[in-house]
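Participant: One structure is given below, represented as structure tokens, and several questions about it will come after.
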Amino acid sequence: MGGDVVLPEEAAVVVVGGGVVGCSLAYHLALLGCGDVLLLERKRLTCGTTWHAAGLMTSLRATPLLSDFAAYTLKLCGEVLPKETGMQTGLHRRGSLALALTQERWHELRRLASMAKTTGAEAEVLTSAKACLQKAPIFNGEGIVGGLFLPGDGQADPANVAMAFAKGAKLRGAAVREGVTVLDVKKKNGRVCGVETDCGFVKTPAVAICAGLWSRELGRRAGATVPLMACEHFYIVTEPSDDFPKDMPTVRVPDECAYYKEDAGKLLIGAFEPNAKPWDETARADFCFDQLPEDMEQFAPVLEKALRRAPALEKAGIGTFFNGPESFTADGRMVLGEAPSAAGLFVAAGMNSQGIQLSGGVGKALAEWILGGEPPRDLWEIDIRRFSGFENNRAYLRARVKETPGLLYADHFPFRQMETARGIRRTPLHEILRARGACFGEQSGWERANWFLPKSEKGRGEDARYRYSWGRQNWFAHSAAEHLAIRKHAGIMDFSTFGKLRVRGADAVNLLQKACANDVDVAPGKTVYAQMLNARGGVESDATVARIAEDDFVYITGAACLARDYSRLRRLMPECAQCEIFDATSGEACVAIAGPLSRELLAKISSDDFSAAAFPFGAHREVETGMARARAHRVSYAGELGWELHIRADFAAYLLETVLAAAEDAGGVLLAGMHALDSCRLEKGFRHFGHDLSDEDHILEAGLGFAVKTEKREGMYGAFVGRDAVLRKREEGLTRRLLQFQLEDGGPLLFHHEPILRDGEVCGYITSGGYGHFLGAAVGMGYVRCEREESASDILRSSFAIEIAGEIFKARASARGFYDPDGSRMRA
């Protein structure tokens, strides 16, 4: 149809892709008052993945954000869309049942049920096979430990859901055009200016790529990283049988990689197998309501278990064997938001087989982002800016997406690491650490030492790899030793993967004063803890800023935040600015030393003066380290006396060897990994961006008012972003506060999303948790709802507890870290 369709000359927003996500986005844009929306579909609406989706709907996902998306979508499909459009979405709320066949899975389901108390989802814990089979009597109860029943869940007709969104959009003035292929997204001066199609050019300041499995290629042409690839997704549909109850809930048996859904007297059995089959979307550019070839060999292991689990299947013949493509991402999470490469270029893709159930929330969130100019809430876990760029590589994706579909039904253990496509980004210290027993985890492609296997364990035949559990994993004791070394002696860590942005030029200070809430206009040789805020006062970035010279700064941030922070700084910088920003991460390594012996250790390798008087906390300067020179920063994320030694990458291995040699006769000093660093910062009450801090969390609610200088001297670019919001919040008072918690019982573990109870009522959830090895109990932090007139001391008079997998544990609460609350050890 290319060339036959008449398009408008311009549009406020062009949505590319007519699947359920694109239709939802068009609907929500129009709902918010943007009637000048143009949706372009290369073939027919729903013809890619949407039409063959299973249509499973749920009210509870793995995180509060996704649970909100899912619950909102259920409401739209059940109440709003039918009323507005007159179209039925086919939603039947029969509930869903997840079955646990192992104790580990059973623990996970009970944790999920606890989290449901913070999201509003109704959840019923079933404690026996008998109770489970009462909900789904056609199943074999062998091996069932327990289950989780969600009565509000159900199933819908995927095509009808998408068509209802499309109709709702058109009723509000949006235009939908089928048979139009978008060839390219045009940009000018770093901004989107239009789209080129096979039916002509459309001028627009905003484009949203919602093209499903074709999103990666269109994004690549537009300069955006959309790391997804299609995999073959299988399900079978039986012949009709009276054995399948008409009111049967959706049943998931994740330990057997299968889900079951009754529909019109038939039973659909689908799978998320651990070793998926990637599919090259470029092989079928004309794909439209098509299927892929059958592959019974791939599906057979799941089917064999299904025949044992649901014996009625043996009497029902297979009516349909379906194989269709679905897109999966590099980390199993969707890709959403404005691409850092171009203003006005948005993406919503890579739904990882959850597109129908999350479509409403996804469309609403992205529409609000497009029209509001910034994320409407904390979307970091699915934000496109989390990617570094290398993930777009096809060979990498082909290796990685073999793993990601199976992760939907794998045990969602804490600290679980990806196993495929590893070893791509390594620091200059990698081989030294590996030789000394490092077990590496992955962050933004970087291999990072998370913990170390002691030599004594190697002699017993142990190896440095994870053995996962919801309890104390195999590395727990090793990380505890590293943690205690940091507290009592010293720990040596590789910080090379932390992002380092160099901001240089005559206007560098003006840019950073505009971007940061703290005052970074300090003397060269000083380091400042600083946050970038949004207009609501929410935290956009958490960093340290070191002033190297009058016109030279280093902005140090988390590895995953580099693209996000770089993009934000670039967009705050006027075109006429005399300033440059560049990524210096790979060119500069960092060896960190933390602990009471760190000063003594540095004295062994340097003649420089590291005394408190000569080298105060927050200072940095060039020092000699053996036969090399490094830039030493006196800061500590572990909450101890310590320094970070930043050095050119080509000298890094020598520096670490020198430090390790000096540590040999300094008793108790150990190499330490990221797990030990995390448990130390939790004891100290230090925040972690993406968990304890987000763009949804006001900086005053986060307890970081000390890092906000509303009266600082403004640079030539004006007051810092978020200043007015800070002043308003100070006047209005806080409605939530970030508190620290320590369990009274030393046995249980905290991770995240555990409900916090204040005087017996749920008031929030744990944002991050771990084990405080020095304190001897689990510690965590989380936001607690409060009244505006309540002070921190008022709140702390309450009794607090944490719910873990259905059990209630008493907890101490504090507005400061439990370890060294006055910071005297760091400043010693």
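The values are calculated or read from the model by the stated rules, or taken from the named source; none is laboratory data. Note that the structure is a prediction, hence the values are computed from the model and not measured. Note that we place each Cβ from the backbone using ideal geometry, even for glycine, and neighbour counts take in every protein chain shown. Heads up: the accessible areas ignore ligands, DNA and RNA and are worked out on the full protein's heavy atoms, side chains in. Shrake-Rupley method; radii C 1.70, N 1.55, O 1.52, S 1.80 Å.
Participant: Confirm whether SER469 is in a loop (DSSP other than H, G, I, E, B), open to solvent by 30 Å² or more (accessible area, probe 1.4 Å), touching a residue at least 60 places away in the same chain (Cβ under 8 Å) and more than 21 Å from LEU66 (Cβ to Cβ).
Facilitator: No: the conditions fail for SER469.
Participant: Within the stretch 379-408, take every residue that is among the basic types (Lys, Arg) and buried (at least 19 other Cβ atoms within 10 Å of the Cβ) and give me the one that is farthest from GLY219 (Cα to Cα).
Facilitator: LYS402
Participant: Of all the residues that make up the stretch 72-125, how many are open to solvent by less than 20 Å² (accessible area, probe 1.4 Å) and over 29 Å from the mean Cα position of the chain (by Cα)?
Facilitator: Residues flagged as open to solvent by less than 20 Å² (accessible area, probe 1.4 Å) and over 29 Å from the mean Cα position of the chain (by Cα) within the stretch 72-125 amount to 3.
Participant: Within the stretch 808-824, how many residues turn out to be assigned to a strand (DSSP E or B) and touching an Asp or Glu at 6+ places or on another chain (Cβ under 9 Å)?
Facilitator: Here the count works out to 4.
Participant: Among the residues of the stretch 1-30, write down those that are more than 28 Å from the chain's Cα centre (by Cα), among the hydrophobic types (A, V, I, L, M, F, W, C) and at pLDDT 95 or above.
Facilitator: LEU7, ALA11, ALA12, ALA30 - these are the residues of the stretch 1-30 that are more than 28 Å from the chain's Cα centre (by Cα), among the hydrophobic types (A, V, I, L, M, F, W, C) and at pLDDT 95 or above.
Participant: What pairs can you find where one residue is in the stretch 389-402 and within 16 Å of VAL335 (Cα to Cα) and in a helix (DSSP H, G or I), the other is open to solvent by 60 Å² or more (accessible area, probe 1.4 Å) and aliphatic (A, V, I, L, M), and their Cβ atoms are less than 9 Å apart, with a gap of 6+ or different chains?
Facilitator: PHE390/ILE424
Participant: For LEU601, state whether it is in contact (Cβ under 8 Å) with a residue 60 or more places away in the chain, closer than 23 Å to GLY525 by Cβ and surrounded by fewer than 23 Cβ atoms within 10 Å (Cβ to Cβ).
Facilitator: yes
Participant: Based on what the data block shows, is GLN134 open to solvent by less than 40 Å² (accessible area, probe 1.4 Å), polar (S, T, N, Q), at pLDDT 95 or above and out of contact with any Phe, Trp or Tyr (no Cβ under 6 Å at 6 or more places or on another chain)?
Facilitator: On the way: open to solvent by less than 40 Å² (accessible area, probe 1.4 Å): no; polar (S, T, N, Q): yes; at pLDDT 95 or above: yes; out of contact with any Phe, Trp or Tyr (no Cβ under 6 Å at 6 or more places or on another chain): yes.
No: the conditions fail for GLN134.
Participant: Looking at the stretch 585-598, which of its residues are surrounded by 15 or more Cβ atoms within 10 Å (Cβ to Cβ) and either touching a Gly at 6+ places or on another chain (Cβ under 6 Å) or of a type outside the set (D, E, K, R) (or both)? Give the derivation first.
Facilitator: First, pick out the residues of the stretch 585-598 that are surrounded by 15 or more Cβ atoms within 10 Å (Cβ to Cβ): 585, 588-598.
THR585, ALA589, CYS590, VAL591, ALA592, ILE593, ALA594, GLY595, PRO596, LEU597, SER598, listed by residue number.
Participant: Name the pairs: first residue in the stretch 704-718 and of a type in the set (S, T, N, Q), second residue open to solvent by 20 Å² or more (accessible area, probe 1.4 Å), Cβ to Cβ under 7 Å, at least 6 apart or on different chains?
Facilitator: Short answer, once both residue conditions are applied: THR710/ARG723; THR710/LEU727.
Participant: Within the stretch 605-620, can you find the residues that are in contact (Cβ under 8 Å) with a residue 40 or more places away in the chain and surrounded by 15 or more Cβ atoms within 10 Å (Cβ to Cβ)?
Facilitator: Result: ILE605, PHE617, GLY618, ALA619, HIS620.
Participant: Further, regarding this structure: Being more than 30 Å from LEU109 (Cα to Cα) and either open to solvent by 30 Å² or more (accessible area, probe 1.4 Å) or in contact (Cβ under 8 Å) with a residue 40 or more places away in the chain (or both) narrows it down to one of ILE756, ILE795, so name that one.
Facilitator: Only one candidate passes the filter, namely ILE795.
Participant: For the condition under 28 Å from ASP378 (Cα atoms), crowded, with 22+ Cβ neighbours inside 10 Å and among the aromatic types (Phe, Trp, Tyr), what is the one hit in PHE818, PHE741?
Facilitator: PHE741
Participant: Would you check which residues across the stretch 483-504 are more than 31 Å from the chain's Cα centre (by Cα) and either surrounded by fewer than 21 Cβ atoms within 10 Å (Cβ to Cβ) or in a strand (DSSP E or B) (or both) and list them?
Facilitator: Selection gives LYS488, HIS489.
Participant: Can you confirm whether the stretch 39-50 contains a residue that is assigned to a loop (DSSP other than H, G, I, E, B), closer than 15 Å to THR89 by Cβ and not acidic (Asp, Glu)? Write out each step before concluding.
Facilitator: Kept after step one, since they are assigned to a loop (DSSP other than H, G, I, E, B), are these residues of the stretch 39-50: 42-49.
From what's left, closer than 15 Å to THR89 by Cβ: 45-46.
Pick out the ones that are also not acidic (Asp, Glu) and you get 45-46.
Checking the stretch 39-50: at least one residue is assigned to a loop (DSSP other than H, G, I, E, B), closer than 15 Å to THR89 by Cβ and not acidic (Asp, Glu).
Participant: Say we look at the stretch 255-311 and pick out the residues that are of a type in the set (Lys, Arg) and part of a strand (DSSP E or B); which of these is surrounded by the most Cβ atoms within 10 Å (Cβ to Cβ)? Step through it out loud before you land on a result.
Facilitator: Of the stretch 255-311, the ones of a type in the set (Lys, Arg) are 261, 266, 277, 284, 305, 308-309.
Checking which are part of a strand (DSSP E or B) leaves us with 261, 266.
On the way: LYS261: 24, LYS266: 17.
Step by step, filter the stretch 255-311, then rank; the result is LYS261.
Participant: Can you say whether PHE201 is modelled with pLDDT of 95 or more, open to solvent by less than 10 Å² (accessible area, probe 1.4 Å) and more than 24 Å from the chain's Cα centre (by Cα), as far as the supplied structure shows?
Facilitator: No: the conditions fail for PHE201.
Participant: Residue check: is THR63 open to solvent by 10 Å² or more (accessible area, probe 1.4 Å), at pLDDT 95 or above and either closer than 14 Å to ALA175 by Cα or of a type in the set (Ser, Thr, Tyr) (or both)?
Facilitator: Values: open to solvent by 10 Å² or more (accessible area, probe 1.4 Å): yes; at pLDDT 95 or above: yes; either closer than 14 Å to ALA175 by Cα or of a type in the set (Ser, Thr, Tyr) (or both): yes.
Against the criterion (open to solvent by 10 Å² or more (accessible area, probe 1.4 Å), at pLDDT 95 or above and either closer than 14 Å to ALA175 by Cα or of a type in the set (Ser, Thr, Tyr) (or both)), THR63 qualifies.
Participant: Could you check the stretch 794-807 and list, in sequence order, the residues that are more than 15 Å from GLY764 (Cα to Cα) and in a strand (DSSP E or B)?
Facilitator: Listed by number, the list holds a single entry, GLU807.
Participant: If we scan the stretch 409-422, do we find a residue that is modelled with pLDDT of 95 or more, among the charged types (D, E, K, R) and within 29 Å of ARG221 (Cβ to Cβ)?
Facilitator: Scanning the stretch 409-422, I find at least one residue that is modelled with pLDDT of 95 or more, among the charged types (D, E, K, R) and within 29 Å of ARG221 (Cβ to Cβ), so the answer is yes.
Participant: Please determine, by comparing only the residues of the stretch 505-538 that are surrounded by fewer than 21 Cβ atoms within 10 Å (Cβ to Cβ) and without any contact (Cβ under 8 Å) to a residue 60 or more places away in the chain, which one is nearest to PHE720 (Cα to Cα).
Facilitator: Step by step, filter the stretch 505-538, then rank; the result is VAL522.
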